[in-house]
Every structure is written in C-alpha cells, then in structure tokens.
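As structure tokens, the structure follows; a few thoughts come after it.
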Amino acid sequence: MVPFPSSFNNYPSPRRVPGSPASSVTSHSVASVRSFPSQQRRLGFIRSGLWISWTSPKPEPLRTSWSAMGPVELLHMSVFSQSFSPCGRFLAAGNNYGEIALFSLSAALSPDATALNQKPVLTFTAHDGPVFCLLSSDGQLISAGNGEVSAWSWTELTKKNVKPLWTKRPDYKSSLEIPEINSMAINHRDNSLVIGGGDNNIHILDLEHGVFKSVLRGHSDYVHCVSVREREAEILSGGEDGAVRMWDGRTGQSVHCIEVHKYESCARPQYGKWISCVTTDSDWMLCGGGPSLSLWHLRSLSPTSVFPLTGCQRQAAFHQDMILAVGEGAFVSHCLLGGEVKAQIPCTPQSLNTLQLNTNSSEHRVLTVGGSSDHINVFTNLSYRAFSLSF
C-alpha cells in the first residue's frame, strides 16, 4: 500500500464523540438498508433483499448541472458508494436515487478552488435503484444497482459521454423480484467480478468473456459484503444470517463458516447478528455489523481484537498500522490493531456508509467519507475534515 503523507499520522489527542443514532428513514431514503437490525432495515418497497421491479423509479434524464435536483431530494439523499479513477484525479459517488456523480479532485484541491469546484462535473442516472457499490478496474467504472451491473469508460465519463460499455444481470429465479446488489470485489487472479446481494448467493462474472460462470450458495439470508484473498484464492462473504463464509475460489465450495455472534467477546444481541462489512489483509480479517467490529487471524480462525465502538460499523479498512471504520455516528474511528480507539474525527453526515482512501495519485491523496447527506467529506489529513464535496 502506498503510504500517506507523514502529516496523516499527526493525530490530535484521542477523543470520543458520542454516538448518534442513524438518521430516520423516509420514503425518499434507504440509508438504513445496511445499517439497522433486520426488522427495521427494510423499507416498504423492499422485502427480504428483493426489490419489487414495478415499484422502482424510472431513470431520469441525464443531468450535468447540480442545481437540477431540488432541496427536498437533497435533504433525503444518502451516499452509499465511492470509487476513485485509476489516475486518482476523479471521484465517483453513488446515491440512493440511482445517480452517479463525478467530482474533479484536481479542481477541488486546487489552491484557487471555489464552491463550484466542489460540485460534480457530471451527474447521471445509472440504475433504477440505489447505487450500493462502485469500483474501478482496467479503465472502467463498475456500478451495481437493483439486480444489474454496468461498466462505464472512465475516459468517456471525463468527456461527459454517458453510455454503458455493458450491463449484465445474473440469472435470478424470478423475473418479478429483482435482488439488490450490495457488494462487489475484483478477483485479479482470474479476472472475475465477485457479486453479493439480495438473493443470498454470490455470483461470479468472468470479465474477460462477459458471462456468469458460477454461483456460490450457502448463505441463508441476503449477502451484505464480499472480499477477496487473491494469494490464497479465497472469497469471503458476510450476510444477514450472521455468517462469514470463506470460499475456495477455484472450486466454489464453502471451506469455513464463522458465526461471529456466537463469540461472547463479539456478540451484541441488541444489534442483531448480521454482518455488514468484511475486509482482509493477508492473514487478517476485519468484520462487524450487529456484532462488534473485530480483528481475526484467519489461520487460527479466532478473534484477536474487539473494538469498543458504539453502533454498527458499515465499512472498515486497514491503513498502515491502524484501522479506519465508519457506521452509525458522525465520525471516522481510528483504531489501533490491539483494540484501542485512538481518535474519532467528526464528519458532517450523521450516519456514515462509505469510506475510501485514494492511493492512485500522490498529488490527490485523500480520504473521502459519505453517508446520510448529499455531502462527501474530504480529509487531506486524517486528523480533520478539510472540506466537503456535494451533489
């Protein structure tokens, strides 16, 4: 991993910011889909991880002006996903209206930047439902909405040309109920895309030939998150059923199943058993959700550290010798590998869904955080928020 500037490690004295509950859900917001216990997480038009196709909003016309969205829509906006361009000069962000916005980091980080430079250079409707996940690979931006995955050329998007290179849909059992896609990961070992979503399965898309080549079955409820251990040819997944499953990427067989909520040190019955985030680094795994965020050694399959964070964590990342985590609460948590919470840095959204570290460009090396707001916080130094981008 490319190290961040030394200034990123100049932390203020540790402080705890009181946790605040996730923002209430309205008919315009799906901020709680991956954050609340099962009985609260679903909205009226979502059932068991399946979006009813006839209730999905129709795509709106392409808009390139940020002023086209009204104040009510902005008030109820949630940012679910982010991805940096391969060159590191642009950030893509997906929201609950099915839109993707492109921001120019070069312009926003310029010494002469104005408020207009913190607005998107392009906004377009990519999917019929929320854009729960974005990632970049080989010059393409890959996005996922309700039951479908699309790829866009970064080169064309920066020219404001909006046309998907391809759109794929896994072979679902029913044509009426369209499972949401909650998470994706690239497996560079075999050039495949790992997709987890509302049909309880993990679908593997062969990116070279453009076909779905296998389905991993084993979860009994919808899948929230996936991660890849390329060196070991393993895929990890976490679901609503409380299980973290480890799969052999070559055979598609489930080789281990960790029920995190059954470990006393991790269990939090008041939040449920669901797993919202899984990420790996060599022989180590971070996972959390209903259970506390915890660090696991994958060779021994045992937790080594449990982090005393309030609320449910929705995304976590390894960074150098620490862990960054976001979830319920208006702050980014900085945790030491031993389990201590070193600092909690305030953010503007009251509940956070996504964090991304830009290691693709030394000139635009930032941390970006989004959640229950139309604002995306930008950190040029991990110890404070520098400014915000906004839809």
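In this entry, residue 244 passes the filter for residues that are farther than 15 Å from residue 186 by Cα, within 18 Å of the chain's Cα centre (by Cα), of a type in the set (Val, Ile, Thr) and open to solvent by less than 10 Å² (accessible area, probe 1.4 Å). Within region 255-285, if we keep just the residues that are polar (S, T, N, Q) and at pLDDT 95 or above, the residue that is least open to solvent (accessible area, probe 1.4 Å) turns out to be 276. Cβ-Cβ contacts under 9 Å between residues 6 or more apart (or on different chains), taken from a first residue in region 287-311 that is over 13 Å from residue 260 (Cα atoms) to a second residue that is aromatic (Phe, Trp, Tyr) and part of a loop (DSSP other than H, G, I, E, B), are listed as 311/271. Taking the criterion of being assigned to a strand (DSSP E or B), of a type outside the set (Val, Ile, Thr) and over 21 Å from the mean Cα position of the chain (by Cα), the residues of region 196-215 that qualify are 206, 212, 213, 214. In this structure, residue 98 does not satisfy being modelled with pLDDT under 95, open to solvent by less than 10 Å² (accessible area, probe 1.4 Å) and small (Gly, Ala, Ser). In this structure, does residue 252 turn out to be closer than 25 Å to residue 132 by Cα, open to solvent by 10 Å² or more (accessible area, probe 1.4 Å) and without any contact (Cβ under 8 Å) to a residue 40 or more places away in the chain? Answer is no for this residue.
Mind checking whether some residue in region 196-209 is among the acidic types (Asp, Glu), buried (at least 17 other Cβ atoms within 10 Å of the Cβ) and more than 19 Å from residue 133 (Cα to Cα)? The answer is no, given that none of the residues of region 196-209 is among the acidic types (Asp, Glu), buried (at least 17 other Cβ atoms within 10 Å of the Cβ) and more than 19 Å from residue 133 (Cα to Cα).
In the condition set (1) touching a His at 6+ places or on another chain (Cβ under 7 Å); (2) among the β-branched types (Val, Ile, Thr); (3) not in a loop (DSSP other than H, G, I, E, B), residue 348 is compliant with all but (3).
Being part of a loop (DSSP other than H, G, I, E, B), in contact with a Pro (Cβ under 7 Å, 6 or more places away or on another chain) and either charged (D, E, K, R) or closer than 30 Å to residue 103 by Cα (or both) holds for only one residue in 361, 265, 373, and it is 373. Every listed requirement among (1) part of a loop (DSSP other than H, G, I, E, B); (2) touching a residue at least 24 places away in the same chain (Cβ under 8 Å); (3) farther than 18 Å from residue 198 by Cβ; (4) of a type outside the set (D, E, K, R) is met by residue 172 save one, (3).
Looking only at residues of region 210-224 that are open to solvent by less than 10 Å² (accessible area, probe 1.4 Å) and in contact with a strand residue (DSSP E or B) (Cβ under 6 Å, 6 or more places away or on another chain), we find that the one that is farthest from residue 184 (Cα to Cα) is 216. Consider residue 288 carefully, then state whether it is open to solvent by less than 10 Å² (accessible area, probe 1.4 Å), within 22 Å of the chain's Cα centre (by Cα) and farther than 22 Å from residue 184 by Cα. No: the conditions fail for residue 288.
Meeting the requirement of 2 or more residues that are polar (S, T, N, Q), the helices (runs of 4 or more DSSP H) wholly within region 61-165 are 154-158.
Residues in region 354-386 that are closer than 24 Å to residue 70 by Cβ and open to solvent by 10 Å² or more (accessible area, probe 1.4 Å): 372, 373, 374, 375.
For region 116-159: of the residues being open to solvent by less than 10 Å² (accessible area, probe 1.4 Å) and among the β-branched types (Val, Ile, Thr), which is farthest from residue 105 (Cα to Cα)? The extreme case among them is 149.
The values are calculated or read from the model by the stated rules, or taken from the named source; none is laboratory data. Since this is a predicted model, take the numbers as computed values, not measurements. Cβ atoms come from the backbone with ideal geometry, glycine included; neighbour counts cover every protein chain shown. We work out accessible area using only protein heavy atoms, side chains counted, and drop any ligands, DNA or RNA first. Shrake-Rupley method; radii C 1.70, N 1.55, O 1.52, S 1.80 Å.
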